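See structure below.
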Amino acid sequence: MKSICVAAALLGSLACVSTLADQTGMSMRSATTTATGASGAELYGHICAGCHMVQAQGAIGAGKYPALASDPALKSLDYVAVTVLLGRRGMPAFGKPADPSFNFGEVHISDADIAEVVNFVRSHFGNQYSDKITAAKIESMPHPIN
Ligand code: HEC
């Protein structure tokens, strides 16, 4: 990094500034589009807990966020997977393909991460469903167009 900046400085300070801007753009992009390799617990904490709360107890305030804790609706693997992939009324879709343009505020996660977080919520917070979904199954399900 230092050497890039020093080399760029020979070409004028503008080159140095644009190098830094590119790097900032790249790190912002990866933070908003993927969380690959994260565990279900990490994914839940980073993405879902903002609305469904840390203990999955849900919340009522500006909107109504249903509890996922001890939620009989989670019995259906497909229902949970489709909800995370495509969204549901007030809940955004998380299964959009990674977008090379800047889409601030949107979160897109990989099929593998969707499988992780679906399996996590169905086996935590008082939910004890032991059947698991795979990344390959998520991949075969409908995804949002864009
Ligand atoms: C921006 C807020 C928001 C985020 C973030 C969010 N949800 Fe939701 N979720 C909602 C809302 C609102 C609903 C109720 C949708 C409706 O009207 O049926 C919902 C519903 C659900 C349901 C259906 C529950 C039921 O009893 O029918 C599941 C399952 C679910 N969310 C899982 C998740 C998971 C897993 C994540 C993280 C990957 C997540 N949600 C992230 C807002 C959110």
#### Entry: Residues that are surrounded by 12 or more Cβ atoms within 10 Å (Cβ to Cβ) and either more than 10 Å from R122 (Cβ to Cβ) or in contact with a strand residue (DSSP E or B) (Cβ under 9 Å, 6 or more places away or on another chain) (or both), drawn from segment 61-72
Y65, P66, A67, A69, S70
### Summary
Of (1) in a loop (DSSP other than H, G, I, E, B); (2) in the same structural domain as A67 (by TED's automatic domain parsing), I145 satisfies every one except (2)
### Task
Search segment 105-119 for residues that are part of a loop (DSSP other than H, G, I, E, B) and pair each with any residue that is charged (D, E, K, R) when their beta-carbon atoms are under 6 Å apart and the residues are at least 6 apart or on different chains.
H108/K96
### Summary
The number of residues in segment 55-78 that are assigned to a helix (DSSP H, G or I) and more than 7 Å from the ligand (Cβ to nearest atom) is 4
### Summary
Here the residues within segment 111-146 that are in contact with a Phe, Trp or Tyr (Cβ under 8 Å, 6 or more places away or on another chain) and among the hydrophobic types (A, V, I, L, M, F, W, C) are I114, V117, F120, V121
### Message
Take the conditions away from the ligand (no atom under 11 Å from the Cβ) and of a type in the set (F, W, Y) and apply them to Y129. Does it pass?
### Response
yes
### Message
Could you tell me how many of the residues in segment 103-139 are among the small types (G, A, S) and either surrounded by 19 or more Cβ atoms within 10 Å (Cβ to Cβ) or not assigned by TED's automatic domain parsing to the domain that holds V82 (or both)?
### Response
2
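The values are calculated or read from the model by the stated rules, or taken from the named source; none is laboratory data. Nothing here was measured: the structure is a model prediction, and the numbers come from that model. Methodologically, a virtual Cβ is constructed for each residue, glycine included, from the backbone with ideal geometry; neighbour enumeration extends over all protein chains shown.
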